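The values are calculated or read from the model by the stated rules, or taken from the named source; none is laboratory data. Just so it is clear, the structure is predicted and the values come from calculations on it, not from any experiment. Using ideal geometry, Cβ is built from the backbone for each residue, glycine included, and neighbour counts are taken over all protein chains shown.
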Amino acid sequence: MPRALLSVYDKTGIVEFASALHALGWTLVSSGGTANTLSTAGVPVQDVAEITGLAPILDHRVVTLHPKIHGGILADRNKAEHLDELEQHGIDEIDLVVVNLYPFGTNPSVELIDVGGPAMVRAAAKNFAHVGVVVDTADYADVLEMIEGGYFGISARRVLAQKAFRITSAYDAAIASWLADESPDRASATVPPILTMVAERAEVLRYGENPHQTGARYRLPGVESWWDSAVQLNGKEMSYLNVLDTEAAWQLVSAFDRPAAVVVKHANPCGVALAPTIFDAYTRAHAADPVSAFGGIIAVNGEVNEATAKEIAQIFTEVVIAPSFTAEALEILCAKENLRLIEAVAPFHSMAINVRSIDGGLLVQQVDEVDEPLDDFTVVTERAPNDIEWQNLLLAWQTVAATWSNAIVLANNDVVVGIGGGQPNRVDAARIAIGRAGESTRGSVAASDAFFPFGDTVKELAAAGVTAIIQPGGSVRDSASISAANTHGIAMVFTGTRHFRH
């Protein structure tokens, strides 16, 4: 008669599952709360303590950690010596282990670090040749169907074992991350000697960067993200670049506390504007660079109404993301069957690190946050920015930090009018930004993601009509840039923080 050991924290569906196993002739073994739940429901079950001869000890820290349990799980039924040892010690075989773990991620603490559960799961998964393991309540129905049909074989058990090891590895990673977060040396914990990170696939993407590449979006277990609650209301499946660009657009537009619109193309902003309404913000952002906006991502930080939807519908767009859409806006935009519409909450900024792949490993760094207080900014020129210039400088500074470096951003009248990014030198970046801004360069302000190594870029900006500049400072030739700014009556602000983005 086959035997199943059931020990679950989440008791969803366990009575029905156990009842079905009993009806199929299985002997059920259980412990603690699970045994009590089954007994109360009238399901015959043998308590683990009856097998081990030992009641739970140490506040239930030790319940199933016993040779009569783990021997029954781990025995290789193809080895006669294993079977002899089971008989010698009076150990019965266990054919199915049903365990789900303490919910460590809900309220991390030492007491929610499960020991016995992962031990049984790993033992059963190791011995998948003979033992099945179920770690997810969603698998109960499929497992029962296979048992009833007589095809609960090694292939099925191997798949369940894979899932079991993924669950335990994610569980261990969550604990290790919590211990790092609680470390007295929080800074070193951000880039620990051993990086424990397990991700679960959340979405298979339409394709990767190119159609011949596969792609997927993964999530970190226990880490909350705006992607988890985002709802796609229309359009095709997301591709790798759709996700990348949408993330960039949503992060940037959510940084503003006024109605804002951001247009992103190839992970770079190409239109950013603030305005009294979302309609005005979008139309101004689009007008700043309508050529680049074609096929881009639109993000706004307020509801999309009918008027805004009509404007958006006039150009080919890959994705529109917003907190909400009116019914009228949806009717207009959903008429474009390929246009992806996403409704989302603001980003949580829950990740502490950025991770990239390199040959044979990973490159890790702390996330760059653009949150310098204004008190840390220093006016270094004879003239200080006026109130309007300050407003535009902050807009340009926020945008340049989201632009691939080397980057120069021009802003005028609450609109980012020119962006030059991803250039090997800062002068070329400035020239591109000036060219895109056209006449709007006159009276604009400029932001640079890093210091000016020479005064030449300042001279280019001055000749184009820029009146104020914000930059990190820190070059050995800062004096040349300051002198050039003073010569042209430009106000210059040092932030003290560089925001390269490669």
Which condition does Glu318 not pass, out of (1) acidic (Asp, Glu); (2) closer than 30 Å to Glu439 by Cα; (3) surrounded by fewer than 19 Cβ atoms within 10 Å (Cβ to Cβ), if it passes all the others? (3)
Are any residues in the range 89-103 surrounded by 17 or more Cβ atoms within 10 Å (Cβ to Cβ) and at pLDDT below 85, and if so, which ones? Tyr102
What residue, among those in the range 231-253 that are over 23 Å from Val204 (Cβ atoms) and touching a strand residue (DSSP E or B) at 6+ places or on another chain (Cβ under 8 Å), is surrounded by the fewest Cβ atoms within 10 Å (Cβ to Cβ)? Leu252
Test Ile419 against the stated conditions and say whether it is β-branched (Val, Ile, Thr) and over 21 Å from Thr283 (Cβ atoms). no
State all residues of the range 50-82 that are modelled with pLDDT of 90 or more and over 17 Å from Leu5 (Cα atoms); if no residue qualifies, say none. Asp76, Arg77, Asn78, Lys79, Ala80, Glu81, His82
Would you check which residues across the range 349-377 are in contact (Cβ under 8 Å) with a residue 40 or more places away in the chain and β-branched (Val, Ile, Thr) and list them? Ile353, Val355, Val364, Val370
What are the residue pairs meeting all of these: first residue in the range 161-189, first residue of a type in the set (Lys, Arg), second residue modelled with pLDDT under 90, Cβ atoms under 8 Å, and 6 or more apart or on different chains? Arg166/Val198; Arg166/Glu200
Of all the residues that make up the range 50-81, how many are surrounded by 15 or more Cβ atoms within 10 Å (Cβ to Cβ) and in a helix (DSSP H, G or I)? 9
Of all residues making up the range 132-179, the number that are buried (at least 16 other Cβ atoms within 10 Å of the Cβ), touching a Lys or Arg at 6+ places or on another chain (Cβ under 7 Å) and either aliphatic (A, V, I, L, M) or not in a helix (DSSP H, G or I) (or both): 2
In the range 405-457, the residues that are in contact with a helix residue (DSSP H, G or I) (Cβ under 9 Å, 6 or more places away or on another chain), closer than 28 Å to Ile278 by Cβ and either among the β-branched types (Val, Ile, Thr) or assigned to a helix (DSSP H, G or I) (or both): Ile408, Val409, Val415, Val416, Val417, Ile419, Ala433, Arg436, Ala437, Ser440, Thr441, Val445
Can you find a residue that is within 17 Å of Ile342 (Cα to Cα), in a strand (DSSP E or B), of a type outside the set (D, E, K, R) and touching a helix residue (DSSP H, G or I) at 6+ places or on another chain (Cβ under 8 Å) anywhere in the range 242-256? no
The range 104-119 - residue that is touching a Leu at 6+ places or on another chain (Cβ under 7 Å) and of a type outside the set (Phe, Trp, Tyr) and, of those, modelled with the lowest pLDDT: Asp114
Just a yes or no: is a residue in the range 275-292 in a helix (DSSP H, G or I), under 21 Å from the mean Cα position of the chain (by Cα) and under 18 Å from Leu341 (Cα atoms)? no
Give me a count of the residues in the range 166-198 that are of a type in the set (Lys, Arg) and modelled with pLDDT under 75. 1
Unique match (being part of a loop (DSSP other than H, G, I, E, B), out of contact with any Cys (no Cβ under 9 Å at 6 or more places or on another chain), in contact (Cβ under 8 Å) with a residue 40 or more places away in the chain and surrounded by fewer than 14 Cβ atoms within 10 Å (Cβ to Cβ)) among Ala402, Ala346: Ala346
